[in-house]
Amino acid sequence: MTPELHKKLTAWRQHLHAHPELSLQEKATAAFVQERLTELGIPFVSGIGGHGVVATLTRGSAQARVGLRADMDALPITEDTGLPYASKTSGVMHACGHDGHTAALLGAAALLAADTSWSGTVDFIFQPAEEGFGGSRAMVAAGLFERFPMERVFGFHNWPGLEAGTIAVHDDVVMASGGRVTITIEGHAGHAGMPHLTRDPVMAAGHLLVAMQSIVSRSVDPLDTAVLSLSTIEGGTAPNQVAGKVVIRGTLRHHRNEVKDIILNRIGEICAGIATSFDVKVTPDIVMGVGVVVNSPDEAGFARMAADRVRAPVRRDLAPSMAGEDFAFYLQHRPGAFVWIGNGPLRDGAELHGPRYDFNDAILPVASGWMAEVAKTALSAN
């Protein structure tokens, strides 16, 4: 990557950082991407699965086809970086680095457009709504793989705490599957001084919270990995009234479907037991989100080869993360690989989804270079 291109990508990234848009609202971001693709002379199709954009480059006569993906949406978080290009939108910021992912994919497109050494077709997938709103699912439902019949798909996530520019490639599981948990407890409201005339959902909630913490510690094999975090509880409006309803919300994460089944079964059993014990109605509602991100063996090999070709250090010893990533949905339809690219030292408040987080522009050459090289590597393998 030339210094001029790096400077341009940095400016693009910082523009995106200053103008973040929430999931399903990425209209201006998508327009910015389209403007940059037009400057690069790369044709594209917009409006795929919402604000999704897919650009396509074809060179030579090879029939092989590869996809590269970046996400575009931001988060409902108030920025606290003090940077000159900090978010101009109150309560919204790029706290996960999707601005950097988007700029890096534009950089990969620029590199491949200028490179005559490869043959085949590369599709550049600019995806909306990754942050829990099913952007990958929407793009697939809109015919992504039928309209752009790529055989493999690759992506990356920046990774604070990993040395800047280092590329972590997992041979199997990369990131967890997640689900949103809502448990509603309905009792009978009444005077707090006459609790015998009520059915107290707050007391039932206390016992339920404790019982739920036994699921991972006592029902899941210690050699497996799982998380069940019940993070919010809402109930009651007056200190002298026993509430009529309590709502508990949280998340569950796992790496294997068998573990998910154990957790879901135990949640149901505990809810039923609490309902009987405290004479309340307990309704669990669990919405499963993205699946587990699992790299395919061949594609993980291509990812490592591409990292070597851009002279980036490679790590193969990192444990999978319990964070989720909707790239998993692409991998349910096509083989591929998802890597982490180090964002540099982890600072307090500057972790992913932290108010002082910022994508490290110094890693753009590695990120763009790796994406371009992994596409070339996979195409040549065909």
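The values are calculated or read from the model by the stated rules, or taken from the named source; none is laboratory data. Small disclaimer: the values here were computed from a predicted structure and weren't measured. Note: ideal-geometry Cβ built from the backbone for every residue, glycine included; neighbour counts use all protein chains shown. Only protein heavy atoms, including side chains, enter the accessible area calculation; ligands, DNA and RNA are left aside. Shrake-Rupley method; radii C 1.70, N 1.55, O 1.52, S 1.80 Å.
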For this session: Treat each spin label as a single point 7 Å out from the Cα along the C-beta direction, and report the residue 196 to residue 316 distance in nm.
Result: 7.1 nm
Exercise. Using alpha carbon centroids, what distance separates region 170-226 and region 10-34, in Å?
Worked result: 38 Å
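How big is the dipole moment of the chain about its Cα centre under a simple scheme where the beta carbon of each Lys and Arg is +1, that of each Asp and Glu is -1, and everything else is neutral? Debye, nearest 20, please.
Numbers: 31 positive and 40 negative charges, 54 e Å.
Dipole of the chain, to the nearest 20 debye: 260 debye.
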Exercise. If each of residue 224 and residue 38 carries a label point 7 Å out from its Cα toward its Cβ, how far apart are those two points in nm?
Worked result: 5.2 nm
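Hey, what's the chain come to in accessible area per residue, 1.4 Å probe, Å²? Working shown, then result.
Numbers: 16190 Å² over 382 residues.
Accessible surface, normalised per residue, equals 42 Å².
Based on the Cβ-Cβ distance of residue 362 and residue 308, what FRET efficiency does E = 1/(1 + (r/R0)^6) give at R0 = 22 Å, to the nearest 0.05? Could you put the intermediate results ahead of the total?
On the way: r = 20 Å, r/R0 = 0.91.
That pair, residue 362 with residue 308, gives E of 0.65.
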Problem set entry | Structure-derived Cα extents along the principal axes in Å - corresponding label in (i) 98, 57, 35; (ii) 52, 50, 45; (iii) 80, 43, 38 | (iii)
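Estimate the FRET efficiency between residue 83 and residue 210 by the formula 1/(1 + (r/R0)^6), using the beta-carbon distance for r and 35 Å for R0, to the nearest 0.05. Mind dumping the intermediate values first?
Numbers: r = 43 Å, r/R0 = 1.23.
The computed FRET efficiency comes out at 0.20.
Can you give the FRET efficiency to the nearest 0.05 for residue 257 and residue 7, using r as the Cβ-Cβ distance and R₀ = 51 Å?
Numbers: r = 46 Å, r/R0 = 0.90.
Here the calculated transfer efficiency is 0.65.
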Seminar exercise, completed: Taking Cα pairs closer than 8 Å and at least 6 residues apart, the relative contact order of the chain in percent is 25 percent
Exercise. When Lys and Arg each count +1 and Asp and Glu each count -1, what net charge do the other residues less than 12 Å away from residue 360, Cβ to Cβ, add up to?
Worked result: -2
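Express the carbon and sulfur contribution to the solvent-accessible surface of the chain as a percent, rounded to the nearest whole number, probe 1.4 angstrom. Before the final figure, lay out the partial values.
Numbers: 8560 of 16190 Å².
Heavy-atom surface of the chain belonging to carbon and sulfur, 1.4 Å probe: 53 percent.
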Problem set entry | Helical mean residue ellipticity (222 nm; -39500 (n - 2.57) per DSSP H run of 4+; nearest 500) of the chain | -10500 deg cm²/dmol
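Provide the net charge surrounding residue 14, with neighbours chosen by a C-beta distance below 15 Å and charges set as Lys +1, Arg +1, Asp -1, Glu -1. Please list the in-between numbers first.
On the way: positive: 7, 8, 13, 36, 88; negative: 79, 99, 358, 361.
Value of the local net charge: +1.
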Exercise. Per residue, how much space in cubic angstrom lies within the convex hull of the C-alpha atoms of region 199-309?
Worked result: 134 Å³
For this session: State the answer as a single residue: which of 230, 215, 191 lies farthest towards the positive end of the charge dipole of region 177-289, with beta carbon charges of +1 for Lys and Arg and -1 for Asp and Glu, about the Cα centre.
Result: 230
Exercise. Among the lysines, which fall within straight-line cross-link reach of residue 281, defined as a Cα-Cα distance under 20 Å, with same-chain neighbours fewer than 8 residues apart omitted?
Worked result: 245
For this session: Considering only 71, 99, 224, give the residue with the highest GNM mean-square fluctuation for the chain, with springs between Cα atoms whenever their separation is below 10 Å.
Result: 224
For this session: Please report, in debye to the nearest 20, how large the charge dipole of region 177-289 is about its Cα centre when each Lys and Arg carries +1 at its beta carbon and each Asp and Glu carries -1 there.
Result: 160 debye
Exercise. To the nearest 20 debye, what is the magnitude of the charge dipole of region 89-235 about its Cα centre, counting +1 on the Cβ of each Lys and Arg and -1 on the Cβ of each Asp and Glu?
Worked result: 380 debye
For this session: Apply the Karplus parameterisation 6.51 cos²θ - 1.76 cosθ + 1.60, with θ equal to phi minus 60°, to every residue of region 45-50 and state each ³J(HN,Hα) to the nearest whole Hz, in sequence, with x for glycine and proline.
Result: 10, 10, x, 9, x, x
Exercise. Toward the positive end of the charge dipole of the chain, about the Cα centre and with charges on Cβ (Lys, Arg +1; Asp, Glu -1), which of 173, 53, 138 goes farthest?
Worked result: 53
Problem set entry | Two-site label geometry, residue 114 and residue 283: point separation in nm, points 7 Å out along Cα→Cβ | 5.9 nm
